[in-house]
Amino acid sequence: MAFRELIDDLLAILRTGEHDVSWTRFRSTAEVVSELEQLRERIDEDEARERLKLLCLPTGAIEEIAVSSGWASTWVHLVNSKYRADFA
């Protein structure tokens, strides 16, 4: 599973600046980054992998941030090609 690598890719994008989190439960990009960092530390646990999957579902928080922040095509590429097997 490449969940760590997915988190690393997401963190690289999110750390570029502020992103629109208004369609999510998060109050800021820093809050999203913090949650992803915590999940990365615990990614060997089933609970952490399931939480990451929930964040990455269609209309999940990560997709909402990607779409409203202008990196939807990057997001689609990540989940449909690079990490598709991890979400099967």
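The values are calculated or read from the model by the stated rules, or taken from the named source; none is laboratory data. None of these values were measured; they are calculated from a predicted model. Please note: Cβ atoms are built from the backbone with ideal geometry, for glycine as well, and neighbour counts cover all protein chains shown.
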Residue count, segment 5-41 (criterion: surrounded by 13 or more Cβ atoms within 10 Å (Cβ to Cβ) and basic (K, R)): 1
Scope segment 43-72; condition closer than 13 Å to F3 by Cα and surrounded by 13 or more Cβ atoms within 10 Å (Cβ to Cβ); matching residues: I43, A48, R49, R51, L52, K53, L55, C56
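Just name the residue that is farthest from L14 (Cα to Cα) out of those in segment 73-88 that are crowded, with 16+ Cβ neighbours inside 10 Å and modelled with pLDDT under 90. Explain how you work it out, then say what you get.
Restricting attention to segment 73-88, the residues satisfying the condition of being crowded, with 16+ Cβ neighbours inside 10 Å are 75, 78-79, 83, 86.
Going one step further and asking which of them are modelled with pLDDT under 90, we end up with 78-79, 83, 86.
Numbers: L78: 14, V79: 16, Y83: 18, D86: 21 Å.
If we take residues in segment 73-88 being crowded, with 16+ Cβ neighbours inside 10 Å and modelled with pLDDT under 90, then D86 is farthest from L14 (Cα to Cα).
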